[in-house]
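I have placed the structure first, in the form of structure tokens, so that the comments after it can refer back to it.
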Amino acid sequence: METLKFLTPEQAEALRAQFGTPLYVYDERTLKAQAQKALAFPNAFGLTVRYAMKASSNGALLQIFARCGLHIDASSGYECHRAMRAGIAPDKISLSTQELPADFSELYERGIQFNACSLSQLARFAELFPERELGIRFNPGIGSGGTVKTNVGGPASSFGIWHEWLDEVKAIVAKANLRVLRIHTHIGSGSDPAVWQHVAHLSLKMVREFSDATTLNLGGGFKVGRMNYEQTTDLQEIGEPVRDALEKLHAETGRKIHLEIEPGTYLMANSCALVTTIQDIVHTGADGYHFLKLDAGMTELLRPSLYASQHPIVVLPRRRTDKFLPYVVVGHCCESGDLLTPAPEHHDVLHTRELPEVSIGDLCVIEGVGAYCSSMPAKNYNSFPESPEVLLRESGELALIRRRQTLEQIVQNEISLAE
Ligand code: LLP
């Protein structure tokens, strides 16, 4: 049975009383502990850890990581601005994006580091900024992710410049006299550690192709166990061979390559819990199911519906019981896809969890929701408001870091017809 990761049942109840549900609660202690583990990633000639802020973008979280010494990986111009608003200096932000922002030139001039993620991005950069510095994201030819949707390497992925187009890259670089300071790869989320390591070596080969390169960025992708039967990647174990390879390169060429990693999931996944209330219970007869309906769903947590991802679900029955029932846990949206307990690997197949018997009004906490949940919701579907975010400080204090959205805010940009 899954258990609460950092909250106590009493804290969950107090949180509901103070802020209402549904509510995301981040744990400052876990955030800092994960940051320290990432900062201990093996390296030979220096390390920069960038937080992939797409995982969860609240400025308060960025500030916590910045104070730990982390830099930022941004995936859009908007994320760059959001990070700067949180007080992050532009030179600590690196942009690897699928869509070059309209104000790209301004961002670059302010000091944001840029990794070109396609040949056309590289060509546009060359035109705007001849003789200037940039990084290049390559698609190394293979990828690995926890699911097909989170695999972003290999021929079926549009992310980065295909590794065989090296001559084209070199031609653009040479023509505009660009300085390629960084080689970047990111092959997926929840990567197989063996594939990740293999790609690290392929990426290092790319570093040899660019004599100006001083930095190797190996992206994120470190697998994290959310469920107690899932494994978490040991950063020391996968990092050591990379460090050895960097040392070997140095011995052969004299080049001291600085290492970057940019985890999102590793830092965030188990740092947040979603506190919800069971607002209905529905039974569909002898051949049916017992459904628990929460006051949250795909509007807070889309990953199960999208990837069949498994999240720990902990119910807190007010009435003590020894009885367990096989429950299907669903969200509050009018959509059968709003399913929080899909079968592993089949997002549209119902699956049951053995949970203590509960009643309407009991609390239900979903764990492992720090990465790609609050930042990746089916926002405002059925016009449910965006949920608040609270930070459980190391001191035990609770800090509201985002308010619940109001109906007024949901409709604020609508323009009603004159008649
Ligand atoms: N760097 C780049 C360039 C990325 O695109 C990403 C994630 C990361 C770093 C961080 O990867 P992570 O350490 O979180 O695996 N929505 C999916 C994950 C999509 C990740 C997209 N890129 C999920 O819920 O698992």
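The values are calculated or read from the model by the stated rules, or taken from the named source; none is laboratory data. Predicted model, so just to flag it, every value in this text is computed and none were measured. Neighbour counts run over all protein chains shown; Cβ positions are idealised from the backbone, glycine included.
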TODO: Confirm whether Ile257 is more than 30 Å from Ala14 (Cβ to Cβ), within 14 Å of the ligand (Cβ to nearest atom) and either touching a residue at least 12 places away in the same chain (Cβ under 8 Å) or not aliphatic (A, V, I, L, M) (or both).
DONE: no
- [ ] Would you mind stating whether Val329 is within 21 Å of Tyr229 (Cβ to Cβ) and either without any contact (Cβ under 8 Å) to a residue 60 or more places away in the chain or part of a loop (DSSP other than H, G, I, E, B) (or both)?
- [x] yes
TODO: With the checklist (1) more than 13 Å from the ligand (Cβ to nearest atom); (2) part of a helix (DSSP H, G or I) in hand, flag the one item Asn43 doesn't pass.
DONE: (2)
Open item on the list: I need a count of the residues in segment 342-361 that are touching a residue at least 60 places away in the same chain (Cβ under 8 Å), out of contact with any Phe, Trp or Tyr (no Cβ under 6 Å at 6 or more places or on another chain) and assigned to a strand (DSSP E or B).
Closed with: 1
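Yes or no, residue by residue, for (1) basic (Lys, Arg); (2) in the same structural domain as Gly361 (by TED's automatic domain parsing); (3) at pLDDT 95 or above:
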{"site": "Val173", "(1), (2), (3)": "no, no, yes"}
{"site": "Arg179", "(1), (2), (3)": "yes, no, yes"}
{"site": "Phe210", "(1), (2), (3)": "no, no, yes"}
{"site": "Asn217", "(1), (2), (3)": "no, no, yes"}
{"site": "Ile238", "(1), (2), (3)": "no, no, no"}
{"site": "Leu259", "(1), (2), (3)": "no, no, yes"}
{"site": "Ile281", "(1), (2), (3)": "no, yes, yes"}
TODO: Could you grab me the full set of residues in segment 170-210 that are among the basic types (Lys, Arg) and within 30 Å of Val148 (Cα to Cα)?
DONE: Arg182, Lys205
Task: Options Gln98, Gln18, Gln63, Gln36; residue that is polar (S, T, N, Q), within 16 Å of the ligand (Cβ to nearest atom) and modelled with pLDDT of 95 or more - done: Gln98
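This table checks each residue for (1) within 20 Å of Ser191 (Cβ to Cβ); (2) part of a helix (DSSP H, G or I); (3) hydrophobic (A, V, I, L, M, F, W, C).
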residue: Gly225; (1), (2), (3): yes, no, no
residue: Gly239; (1), (2), (3): yes, yes, no
residue: Arg243; (1), (2), (3): yes, yes, no
residue: Pro263; (1), (2), (3): yes, no, no
residue: Leu267; (1), (2), (3): yes, yes, yes
residue: Asn270; (1), (2), (3): yes, yes, no
Task: Subset of segment 166-213 [assigned to a helix (DSSP H, G or I), hydrophobic (A, V, I, L, M, F, W, C) and more than 28 Å from Gln236 (Cα to Cα)] - done: Leu166, Val169, Ala171, Ile172, Val173, Ala174, Ala176
- [ ] Identify, by number, the condition in (1) under 22 Å from Val369 (Cα atoms); (2) of a type outside the set (Lys, Arg); (3) within 17 Å of the chain's Cα centre (by Cα) that Cys80 doesn't meet.
- [x] (1)
Task: Output for segment 162-177, where each listed residue is buried (at least 17 other Cβ atoms within 10 Å of the Cβ) and out of contact with any helix residue (DSSP H, G or I) (no Cβ under 6 Å at 6 or more places or on another chain) - done: Trp162, His163, Val169, Val173
- [ ] Please determine, by comparing only the residues of segment 206-225 that are within 16 Å of the ligand (Cβ to nearest atom) and more than 15 Å from Gly135 (Cβ to Cβ), which one is surrounded by the fewest Cβ atoms within 10 Å (Cβ to Cβ).
- [x] Gly225
- [ ] Evaluate segment 149-156: report whether one residue or more is within 13 Å of the ligand (Cβ to nearest atom) and part of a helix (DSSP H, G or I).
- [x] yes
- [ ] For segment 96-122, enumerate the residues that are of a type in the set (A, V, I, L, M, F, W, C) and within 20 Å of Ser211 (Cα to Cα).
- [x] Phe114, Ala116, Cys117, Leu119, Leu122
Task: Criterion: at pLDDT below 95, buried (at least 21 other Cβ atoms within 10 Å of the Cβ), among the polar types (S, T, N, Q) and within 16 Å of the ligand (Cβ to nearest atom) - qualifying residue of Ser309, Ser305, Ser203, Ser271 - done: Ser203
TODO: Taking the options Ala269, Ala273, Ala296, name whichever one is in contact with an Asp or Glu (Cβ under 7 Å, 6 or more places away or on another chain), hydrophobic (A, V, I, L, M, F, W, C) and within 18 Å of Pro377 (Cβ to Cβ).
DONE: Ala273
- [ ] For segment 154-202, enumerate the residues that are under 17 Å from the mean Cα position of the chain (by Cα), on the phi < 0 side of the Ramachandran plot and of a type in the set (Gly, Ala, Ser).
- [x] Ser189, Ser191
